[in-house]
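Data block below; observations after.
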Amino acid sequence: MPAHPRLLSLVSISLGLSVGLTTLPTRLPQPAQAQTTQAQSAEAERLYRTGVQQLNAGQWPAALATFQQALALRRQLGDPAGEATTLNNIGLVYSNLGQYAEALSFYQQALAIHQRLGNRSSEGSTLNNLGGVYESQQQFAQALSLYQQALAIERASGNRSGEAITLSNLASVLDQQNRPELAIVFYKQAVTLMEAMRRGQIAPSPEQQESYKRSVTHPYRELAGLLLQKNRTLEAQPVLELIKLRELQEYFQERPDERRGQLSVAYLPQEQRLAERQQKILDQAIPLGNQLAQLERKPLAQRTRAEQTQVLALRQAQQQISAEFVTFLESPEVTTVVQQLRQTTGERNLDLRYFNSLRDNLRRLQQNAVMLYPLVLEDRLELVLVSPNAPPLHRSVAVKREEVQRTVAEFRRALESPAGPGNNVRAPARRLYDWLIKPIEQDLAQAQTQTIIYAPDGQLRYIPLAALYDGEQWLIQRFRLNNITAASLTDLNTPPQAQQRVLAAAFTQGRYNLQVGNRQVVYAGLPFAAREVNNLAALIPGTVQLLDRAFTTAATVPRMNDYAIVHLATHAAFVVGRPEDSFILFGDGERVSLRDVQTWSLPNVDLVVLSACQTGLGGQLGTGEEILGFGYRLQQTGAKATLASLWSVSDGGTQVLMDAFYTALKRGQITKAEALRQAQLALISGNLEARSRADLPASVAERLSHPYYWASFVLIGNGL
């Protein structure tokens, strides 16, 4: 049974942000008390934020102790909303510890307070959390009933992010019950709702943003995985594309530029009927729940006998509707529809415009190009291959996410150690080849593939596809390779400019001590960068050079759009964290962050080269969003493609590779991807011009065939 991460925990955190920090004491203190109350309130807030940080770090015992202190202060202050929030967070900790009886107790206490206060949005979220406890214990009927109640309240109260999360949790239960066709319907509803929020058609309230942000790609990944599992590859391919777009939105906290139109999740007719039937049940529950909430705001002691009788009747009706929902999911009507879905992929019912457009783009390239999408899931790796002349296909590889990540980390370490034995690289390179390429070898051969357009997922972004090893040769020796952020953001058919006007800048001397994330890093000038730029100028006449103090943002950025190629021989860092932490260093020590790059306008630029980049600083690997974001940000400027390195290559080795790259590019009638491939093959074979090797240290010259020197650089965007 595949792992099913629950989204209930994410809601509890958002509740704390939205309620616990904004509620004021109900009784105004006297002036003498005000200072003490204010200090207690500030301390409760501090404890809350500390608890959330501990929660996010998985420090459960520490978070529990902190939240218990916060709970005592909330109660002392007479802050019931803050009390309910803290109770939720304590329930969350116990849930993560697997202590479900304690989790239920605290969630139920929180629920009672939310109901008394009339906090409908929070009530729905807490019901979702309660459902998660039952789901964890595989008590699926109770979980489905609670999720249905949560869904009705979230819909009625406008808690759209909570609604999407609950729909996703409903899908998770159905998947665990081995009802994937039904799970797909609910995941599609969750994704559709998230897309509507992202596009501004439905605006989540500020307090809902945190839970939405934290869970933004989960339903997309689960939906894509299930569709691929059921061989519904045509439906899955646009969802894979949406995952990339949502990751970009999350990283930059802004709406990505979807230049080729809006992608959407397609419903089959049978799925549409199920969704409409489910909506009718929900429509019954919403007015009933609103009426009950009005009555429950009145304390029990103050209710009339008639009101209390009505409360009990409404609760009973609510239970009946929940039972009706569970019964509906098991009804002959649903069984019939599920059987219909199992008998057909439904591809003839889908809108194929996006797929046909993508296939046409590949065909027009006339390079026998295919597009490869890997999707890293908890228990497996899914590969989707799109070729010009056939429907997309998929292959599933039984390998856990943890094993993929361990191998990626091992491969990275070996790639960055050119002095080590070759087997250190080849062993993990072979494993990754067996997972990523071997399952589709026959498909690649059948398509007569020459070019692989690659959209890596997660930590696969930290390694070069070029250096995968099949036991005899590196992958770059068989195919030209081109990375993309997302197909919908990449115009693959824009031809390169005929005239290669070049602006080349370099940081060659000096030292700058910079704060990078939470580390101090010294960046020294790159002596071979001067040779790199001089060789480029000799090869391509008319190249404009800017060195060191002349290489400033004021002197460089406004001129970039006048050139087809912008070559920056300087340091750049792609750091896990915020876009502000990743930067390009200019010759005078000024940094331009990924946030700043969005102000650049480079529609005339065919290629931006950054020849001394770093990722994974300090050995820390995230999800590769900083690399995805870098490629996307340069695409946003209008630049057609970017050439950048995944680790900091030796200064001399980079100069040799760049010489070989521009020599190949200068010949004309060659794509950027093929020029990079020829340069990499030259280093592998040692077939290099004498001037490129001149003045290289012997230790470097002897090892240029190691992938440390030639595999670091990846082409992102349109290199075709």
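How much FRET efficiency would the formula 1/(1 + (r/R0)^6) give for Arg297 and Ser331, where r is the Cβ-Cβ distance and R0 is 45 Å, rounded to 0.05?
Details: r = 35 Å, r/R0 = 0.79.
Calculated value: 0.80.
Our coupling estimate for segment 268-278, obtained by passing each phi through the Karplus curve with A = 6.51, B = -1.76, C = 1.60 and θ = phi - 60°, is 6, x, 5, 5, 4, 5, 5, 4, 5, 5, 4 Hz, Gly and Pro reported as x. Count of lysine pairs in the chain with Cα atoms under 29 Å apart, counting only pairs 8 or more residues apart in sequence or on different chains? Eligible lysine pairs with Cα atoms under 29 Å apart amount to 20.
Compute the angle between helix 651-666 and the longest alpha-carbon principal axis of the chain, please, reported from 0 to 90 degrees and rounded to the nearest 10. Helix 651-666 sits roughly 80 degrees off the main axis of the chain.
Ordering of 159-167, 521-529 by packing is 159-167, 521-529, highest average first (other Cβ atoms within 10 Å, averaged per residue).
Only Lys, Arg, Asp and Glu carry charge here, each on its Cβ (+1 for the first two, -1 for the last two); on that basis the chain has a dipole of about 340 debye about its Cα centre.
Just need the relative contact order of the chain here, percent rounded to a whole number, with Cα pairs under 8 Å and 6+ apart. It would help to have the intermediate numbers written out before the result.
Working: 1233 pairs, mean separation 66.9, N = 720.
Once divided by the residue count of the chain, the mean separation gives 9 percent.
Entry comment: accessible area of the chain is 38 Å² per residue, from protein heavy atoms only and a probe of 1.4 Å.
Give the shape of segment 636-720 as rounded, prolate or oblate, defined through the alpha-carbon gyration tensor: a ≥ b ≥ c are the square roots of its eigenvalues, a/c under 1.5 means rounded, and otherwise the shape is prolate if a/b is larger than b/c and oblate if not. Prolate. For the chain, the longest principal axis of the C-alpha atoms and the axis of helix 423-436 are separated by about 60°.
Could you check what % of the DSSP bridge pairs in the chain are antiparallel, to the nearest 5? Before the final figure, lay out each step's value.
Details: 29 of 58 bridges.
If we restrict to bridges inside the chain, about 50 percent are antiparallel.
Take the Cα radius of gyration of the chain and divide it by 2.2 N^0.38 Å, with N its residue count; two decimals is plenty. Walk me through the intermediate numbers first.
Details: Rg = 28.6 Å, N = 720, 2.2 N^0.38 = 26.8 Å.
With N residues counted in the chain, Rg over 2.2 N^0.38 Å equals 1.07.
Distance from the C-alpha centroid of segment 546-610 to that of segment 471-528: 11 Å, rounded to the whole angstrom.
Packing around the peptides 633-645, 79-91, 101-113, taken as the average count of other Cβ atoms within 10 Å per residue, puts them in this order, highest first: 79-91, 633-645, 101-113. Between the alpha-carbon centres of segment 99-158 and segment 54-92 there is a gap of 18 Å. Please report how far the C-alpha centroid of segment 397-452 lies from that of segment 619-643, rounded to the nearest whole angstrom. Measuring centre to centre over Cα atoms gives 22 Å. Compared with the dominant principal axis of the Cα atoms in the chain, helix 625-636 is inclined by about 70°.
Excluding Lys280 itself, what net charge comes from residues whose Cβ is under 15 Å from its Cβ, given Lys and Arg +1 and Asp and Glu -1? Mind dumping the intermediate values first?
Numbers: positive: Arg155, Arg273, Arg277; negative: Glu276, Asp283, Glu324, Glu333.
Taking every Cβ under 15 Å from that of Lys280, the sum is -1.
Couplings 3J(HN,Hα) of segment 126-134, computed from phi: 5, 4, 4, 5, 4, x, x, 5, 5 Hz, in residue order, whole Hz [Karplus 6.51 cos²θ - 1.76 cosθ + 1.60, θ = phi - 60°; x for Gly and Pro]. When the accessible area of the chain is computed with all protein chains present and a 1.4 Å probe, what percentage of it is carbon and sulfur? Answer for the chain: carbon and sulfur cover 47 percent of the accessible area.
The values are calculated or read from the model by the stated rules, or taken from the named source; none is laboratory data. The structure presented is a predicted model; accordingly, all values stated were derived computationally and were not measured. Quick reminder, even Gly has a Cβ in these numbers, built from the backbone with ideal geometry, and neighbours come from all protein chains shown. Each accessible area value is taken on the protein alone, full model and side chains, heavy atoms only, with ligands, DNA and RNA left out. Shrake-Rupley method; radii C 1.70, N 1.55, O 1.52, S 1.80 Å.
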